[in-house]
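The values are calculated or read from the model by the stated rules, or taken from the named source; none is laboratory data. What you are looking at is a predicted structure, and each value in this text was computed from that prediction instead of being measured. Don't worry about glycine lacking a Cβ; one is built from the backbone with ideal geometry, like all the others, and counts go over all protein chains shown. Side chains are part of the model used for accessible areas, which takes the heavy atoms of the whole protein and leaves out ligands, DNA and RNA. Shrake-Rupley method; radii C 1.70, N 1.55, O 1.52, S 1.80 Å.
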Amino acid sequence: MADEAKAKGNAAFSAGRFEEAAAHFTDAIALAPDNHVLYSNRSAAYASLHRYPEALADAERTVALRPDWAKGYSRLGAARLGLGDAAGAVAAYEKGLALEPSNGALKDGLAHARQARRPAPASGADAIGKVFQGPELWSRMAADPTTRPYLDQPDFMRMLRDVQRNPSSLNNYLSDPRMVQVLSLMLNLRLPNNDAPPRPPAQSPPPQQQHQPETKAREPEPEPEPMEVTEEEKERKERKAAAQEEKEAGNAAYKKKDFETAIQHYTKAMELDDEDVSYLTNRAAVYLEMGKYDECINDCDKAVERGRELHADFKIISRALTRKGTALAKIAKCFKDYDVAIETYQKALTEHRNPDTLKKLNDAERAKKELEQQEYYDPKIADEEREKGGDEDETLILVHSCAGNEFFKQQKYPEAVKHYSEALRRNPKDPRVYSNRAACYTKLGAMPEGLKDAEKCIELDPTFSKGYTRKGAIQFFMKEYDKALETYQAGLKHDPNNQELLDGVRRCVQRINKASRGELSQEELQERQNKAMQDPEIQNILKDPIMQQVLTDFQENPKAAQAHLKNPGVMQKIQKLKNDGVLCRKMPNQSPEKCLISHHDLIVAIRK
């Protein structure tokens with residue numbers, strides 16, 4: 001973009017890299033050939049390089065494009081003065097001051113030009129030095145192959161400029177062969193040709209003036225200032241500042257839920273400054289809150305398009321796409337189509353991976369899946385899949401009788417799970433299918449999945465005994481005997497005479513009593529203790545300050561322990577610790593028992 005190239009040129013000029021600055025301004029002119037400021041800036045760069053012909057051409061172009069711009073005449077005067085045309089420089093500076101009488105740069109330039117135009121005493125070297133005053137000096141030097149290289153030598157160019165300003169200073173430079181060569185060229189004298197005169201070391205300072213002191217300090221070179229803010233730039237900054245004020249006012253109105261006022265401020269900000277897409281995304285947010293989803297999506301699309309034109313930050317593009325996706329997700333709830341919203345969120349994540357956008361994408365995908373499950377619901381197809389997968393009516397773990405289907409009879413449990421899952425997709429509210437799939441998971445050793453299906457079965461139908469037998473059996477095989485006992489007892493509340501549940505209770509009591517009597521092996525004891533200590537319920541009991549005091553009293557104050565046992569809640573927790581093998585200490589009126597861990601060790605564990 002032209003502004004970007006211009007900015008690079010200004011930065012290079014400020015750093016003194018005039019060749020680079022001129023190149024950047026040239027690039028900018030190629031993109032904006034009618035921008036007078038660019039020609040003005042390049043003229044300044046050429047003048048700093050002492051390439052006054054090019055500087056003059058750009059200055060003339062600047063004035064032609066913008067005749068009422070005072071700085072253009074400042075450039076024109078500097079270029080003409082550099083070429084030795086003091087009269088032309090005076091005329092240029094005067095035209096500029098006519099447009100802007102208070103311009104300091106024009107006043108200084110005019111003073112230098114008038115001083116350079118003053119007639120000098122016509123004697124000796126002064127008369128000869130006048131041959132350097134005419135503009136034909138540069139053209140003749142450029143045309144002559146011997147003197148052409150001198151134009152690229154900064155030290156010699158400084159000599160020529162000094163002679164142009166002060167012809168009497170010519171005597172100071174006649175010791176330089178290059179000056180003699182140029183003087184001969186201008187006087188049409190032919191010197192003996194020894195190819196080219198020797199070139200003195202670069203940057204050699206001119207000899208000290210001994211013949212006569214300078215009557216005035218050397219005039220400073222007219223340095224243009226490309227970084228100076230133009231009227232257009234000032235106006236642009238003012239518009240941006242006003243736009244920011246409108247944005248802040250819109251933000252304040254948005255926080256107050258005054259959406260109509262917020263929209264007015266954001267719209268005004270957009271009119272003042274179309275190079276900041278945040279005004280569009282902010283207005284889109286207001287439309288989103290108001291439920292005007294079409295307007296929100298439209299603003300987001302404009303923000304993305306404009307942001308790409310301005311090469312805006314990827315985060316800004318992502319924000320606009322995320323806001324659009326949110327609007328589309330709102331619409332999807334009515335039209336039952338989340339695909340467009342999901343696609344928009346995915347595009348936003350490719351621009352910038354934002355956690356909020358990722359969460360919105362996950363929510364949209366979850367909503368789509370739930371919608372598909374609802375649309376897929378078909379009880380008839382679900383029954384067909386269940387019959388194909390099989391339906392086992394007996395306990396698969398505790399009771400070895402099985403009345404399952406073909407896949408289960410053939411012990412093809414993965415295939416049975418596949419068909420049960422298909423049935424659940426079509427009818428996710430059938431507890432029998434969850435019960436059957438739980439049985440398959442148990443056979444496959446996938447206890448957590450089986451437990452989850454059994455709990456879902458009970459949730460869907462709390463009176464379905466099979467759900468309790470499935471859950472209790474899984475907990476039994478996971479050696480969570482107290483939990484299994486609770487599950488079987490819960491099932492008996494709905495079906496008191498269910499033999500499977502009664503058998504489950506009997507087996508759990510046997511296992512718990514066996515542990516209480518100390519009939520377990522050391523490995524079984526250690527495994528039971530470790531599992532119990534990982535139980536959140538056990539951990540909560542051990543962290544309970546009241547229970548900590550109770551256990552301490554059992555060791556240090558038996559009378560107080562007797563009183564604690566009258567509390568049903570405390571007694572229930574103590575029984576829980578006993579059942580899980582955490583506490584096997586002798587209770588009042590009970591025979592000594594072998595403990596998994598000593599009471600002392602238990603107290604130490606609690607206090608840690």
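Note on GLU351: accessible area approximately 40 square angstrom, rounded to 10, probe 1.4 Å, nucleic acids and ligands left out. Per-residue extension of 0.36 nm, minus the Cα-Cα distance of ALA98 and ALA57, leaves a gain of 12.5 nm for this segment. Taking other residues whose beta carbon is less than 15 angstrom from the beta carbon of ALA2, and scoring Lys, Arg as +1 and Asp, Glu as -1, yields -4.
Along the Cα→Cβ direction, 7 angstrom out, place labels at GLU459 and ASP68. What is the inter-label distance in nm? With each label point 7 Å from Cα toward Cβ, the separation is 7.7 nm.
In this rough spin-label picture, where each label sits 7 Å from Cα along the Cβ direction, the ALA490-CYS334 distance is 4.3 nm. At a probe radius of 1.4 angstrom, the accessible area of segment 235-335 per residue rounds to 56 square angstrom. Applying 1/(1 + (r/R0)^6) with r as the Cβ-Cβ distance of ALA241 and ARG148 and R0 = 41 angstrom yields a FRET efficiency of 0.20.
Ligands, DNA and RNA are left out, and with a 1.4 angstrom probe the accessible area of segment 1-117 is 42 Å² per residue.
Just the protein heavy atoms count here, and of the accessible area of segment 1-117 at 1.4 Å, carbon and sulfur take up 52 percent. To the nearest 10, the accessible area of ARG66 is 60 Å² with a 1.4 Å probe. The slack between LYS315 and ALA252, meaning 0.36 nm per residue of separation minus the straight C-alpha distance, is 20.4 nm.
Placing a pseudo-label 7 Å from each Cα along the Cα-to-Cβ vector at LYS359 and GLU260 gives an inter-label distance of 3.3 nm. Beyond 20 Å between alpha-carbons counts as too far, so tell me which of LYS71/LYS234; LYS333/LYS368; LYS466/LYS493; LYS479/LYS514; LYS412/LYS456 fall in that bin. The pairs that break the limit, which is 20 Å between Cα atoms, are LYS412/LYS456. Full extension of the segment from GLN549 to LEU444, taken as 0.36 nm per residue of separation minus the current Cα-Cα distance, would add 33.3 nm.
The solvent-accessible area of ASP294, taken with every protein chain present and a 1.4 Å probe, is close to 110 Å².
The spacing between segment 1-45 and segment 52-77, judged by their C-alpha centroids, is 15 Å. Local charge for HIS24 was computed over the other residues whose Cβ lies under 11 Å away, with Lys and Arg +1 and Asp and Glu -1, and equals 0.
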